[in-house]
1. Can you tell me how much longer the chain between residue 35 and residue 77 gets when fully stretched, taken as 0.36 nm per residue apart minus their C-alpha distance, in nm with one decimal?
2. Keeping all protein chains in place, calculate the accessible area per residue for region 28-84 (probe 1.4 angstrom), answer in Å².
3. Loop-only check: which GluC sites (Glu not before Pro) in region 38-87 are DSSP coil with at most 13 other Cβ within 10 angstrom?
4. Could you check how much of the accessible area of region 28-84 is carbon and sulfur, as a whole percent, using a 1.4 Å probe?
5. Considering all alpha-carbon pairs of region 28-84, what whole percent are spaced by more than 16 angstrom?
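The values are calculated or read from the model by the stated rules, or taken from the named source; none is laboratory data. Values in this document were obtained by computation on a predicted structure and should not be read as measured data. All Cβ positions, even for glycine, are placed from backbone atoms using ideal geometry, and neighbour counts span all protein chains on display. Note: areas computed on protein heavy atoms with side chains; ligands, DNA, RNA excluded. Shrake-Rupley method; radii C 1.70, N 1.55, O 1.52, S 1.80 Å.
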Amino acid sequence: MAILGIQIPYRLPTWEDNGAYEALLRRHSRCNASECLYHGGREQAEGSGPWQLLLCSSCAAEGTHRQCSHLSNTTATWECDGCAGPGYQHR
Ligand SMILES: [Zn+2]
Ligand SMILES: [Zn+2]
């Protein structure tokens, strides 16, 4: 049995932040590239490497696999067309 009786702090700010971010990642975990190259499909991704999914650093509403946007394996941030190109009006 686990040892109970430890006072659990009422607020857990860092845990909540991480949870919110992961929930966001999960909710938007799909590749929005015009042509997705991943064999597993747009909704699958890997934890690291060329097939890791990156979310737009500005709106977090679009995502891409690194390979689908020709990003290097060490690229950590990415912006979708809508945020990166102000003159680009798609749909
Ligand atoms: Zn993709
Ligand atoms: Zn964006």
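1. Numbers: separation 42, 0.36 × 42 = 15.12 nm, distance 1.94 nm.
Additional length available on full extension: 13.2 nm.
2. On the way: 3230 Å² over 57 residues.
Value for region 28-84: 57 Å² per residue.
3. Values: sites: 43, 46, 62, 79; in loops: 43, 62, 79.
Taking region 38-87 and a limit of 13 other Cβ atoms within 10 Å, the loop GluC sites (Glu not before Pro) found are 43.
4. Values: 1370 of 3230 Å².
C and S fraction of accessible area: 42 percent.
5. Values: 470 of 1596 pairs.
Value for region 28-84: 29 percent of Cα pairs lie more than 16 Å apart.
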